[in-house]
Amino acid sequence: MGPAVQPRTTNFDLRLEKGFNIWEKVKFTLTGDAFNLLNHPNFTGVDTQIYTTGTACLPAGSACPNPTSFTPTLTFNSHFGVPTQSSNSIIAQRQIQIGMRLDF
């Protein structure tokens with residue numbers, strides 16, 4: 001198996017803005033912002049350990065009377081490549097804000 005690959009990061013931000021002229025020198029602007037609009041989880045860590053090492057006593061189930069009867073073993077990690085962390089920043093979750101601005 002190859003190395004663990006991080007899942008891709010997806011972040012879709014959107015801004016809508018509409019300006020209105022009220023009088024000649026007075027302008028009103030309405031804005032709407034959405035951060036992480038699709039609310040996609042972005043993982044920042046995956047389990048990268050593919051095997052664990054250990055020792056086993058041969059023959060199996062014996063009391064291992066001397067330390068020379070230990071044999072090194074490799075055990076596959078079934079959680080290899082599984083996401084372990086997700087983004088915990090302030091914009092990790094979907095956020096929506098509305099703003100108004102009056103210029104005169």
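The values are calculated or read from the model by the stated rules, or taken from the named source; none is laboratory data. Computed from a prediction, not measured in an experiment: that's the story for all the values here. Reconstructed Cβ throughout: ideal geometry from the backbone, glycine too, with neighbour counts over all protein chains shown. Remember, those area values only see protein heavy atoms, side chains included, never the ligands or the DNA or RNA. Shrake-Rupley method; radii C 1.70, N 1.55, O 1.52, S 1.80 Å.
Scanning the stretch 11-30 for any residue that is at pLDDT below 80, of a type in the set (A, V, I, L, M), in a strand (DSSP E or B) and surrounded by 10 or more Cβ atoms within 10 Å (Cβ to Cβ) turns up nothing. Checked against (1) at pLDDT 75 or above; (2) open to solvent by less than 80 Å² (accessible area, probe 1.4 Å), Leu38 meets all criteria but (2). Filtering the stretch 41-65 to residues that are over 19 Å from Pro83 (Cα atoms), modelled with pLDDT of 75 or more and open to solvent by 60 Å² or more (accessible area, probe 1.4 Å) leaves only Thr53. Within the stretch 68-104, the residues that satisfy the criterion of being aliphatic (A, V, I, L, M) and either over 23 Å from the mean Cα position of the chain (by Cα) or modelled with pLDDT of 75 or more (or both) are Leu74, Val82, Ile96, Ile98, Met100, Leu102.
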